[in-house]
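The values are calculated or read from the model by the stated rules, or taken from the named source; none is laboratory data. Worth saying up front: this structure is predicted, and the values here are computed from it rather than measured. So basically every Cβ, Gly included, is an ideal-geometry build from the backbone, and we count neighbours across all protein chains shown.
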Amino acid sequence: MDYIISADVYIQQLSFEHTHALFRLTEANRDYLREWLPWLDTIRSSEDTRSYIRSTITESSAGGAPNFAVFYRSRLCGVAGFHPVDKHNRTSAIGYWLAEKYTGQGIMTSVVKTLLDIGFQQYALNKLEIHCAENNARSRAIAERLGFTYEATLRECEWLYSKYVNHAIYSMLASEYGSE
């Protein structure tokens with residue numbers, strides 16, 4: 001399913017059709033993404049990307065929320081979606097990344113806003129979180145811009161290639177959604 005966000009931006013549920021383009025985008029942005037994303041060493045081929053897409057499809061078809069390819073002016077520019085859904089507690093976390101040349105244009109903010117709509121309206125979630133490295137100012141700005149509440153900093157909770165990083169945790173409750 002496609003969600004049209006603006007005249008320039010839309011998201012499309014990840015599918016095997018995205019495999020090669022997504023791998024090429026990852027390769028072209030590997031150095032840029034490496035600053036904040038720990039999984040890059042596990043994606044070394046189109047087949048690795050295909051395996052990742054397969055896992056997101058499996059999760060979604062088992063009742064989890066989907067992950068999406070992000071497009072700007074019909075060009076694949078990133079990925080956004082939900083980490084596994086905790087059905088009992090009706091919670092999930094939103095994750096995202098964008099190719100370097102597409103940053104700073106409000107693309108991901110508008111995409112995450114759409115994910116809030118999907119999570120709270122279609123999946124009846126009670127709480128959505130964003131976890132990001134404490135020093136990742138751009139990712140934190142998205143959460144803050146959209147009205148998420150800063151909850152905590154988890155100390156040295158992620159190994160990022162050569163060091164541990166702290167994570168800032170933000171959340172939004174269904175009762176807070178759209179209340180601004």
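What to note about this one:
- Residue-level check: of (1) surrounded by 16 or more Cβ atoms within 10 Å (Cβ to Cβ); (2) more than 23 Å from Ala141 (Cα to Cα), Asn89 misses just (1).
- Flag for Gly78 being within 21 Å of Ile5 (Cα to Cα) and modelled with pLDDT under 95: no
- The residues of the range 1-16 that are closer than 17 Å to Pro66 by Cβ and either assigned to a loop (DSSP other than H, G, I, E, B) or aromatic (Phe, Trp, Tyr) (or both), listed by number, are Met1, Tyr3, Ile5, Tyr10, Leu14, Ser15, Phe16.
- Residues (assigned to a strand (DSSP E or B) and of a type in the set (Asp, Glu)) located in the range 156-180: Glu156, Glu158
- Once the range 148-179 is narrowed to residues that are more than 23 Å from Leu33 (Cβ to Cβ) and touching a Leu at 6+ places or on another chain (Cβ under 9 Å), the residue that is modelled with the lowest pLDDT is Gly178.
- Selection count, the range 122-147, where residues are at pLDDT 95 or above, within 19 Å of Arg90 (Cβ to Cβ) and not in a loop (DSSP other than H, G, I, E, B): 5
- Inter-residue pairs, beta-carbon under 7 Å, first closer than 18 Å to Arg75 by Cβ and in the range 99-124, second charged (D, E, K, R) and surrounded by 15 or more Cβ atoms within 10 Å (Cβ to Cβ), 6+ apart: none
- Where Thr109 falls short, out of the listed (1) touching a strand residue (DSSP E or B) at 6+ places or on another chain (Cβ under 9 Å); (2) among the β-branched types (Val, Ile, Thr); (3) part of a helix (DSSP H, G or I): (1)
- Looking only at the range 77-86, and only at residues there that are farther than 15 Å from Ile118 by Cα and either in contact (Cβ under 8 Å) with a residue 60 or more places away in the chain or buried (at least 17 other Cβ atoms within 10 Å of the Cβ) (or both), the one that is farthest from the chain's Cα centre (by Cα): Cys77
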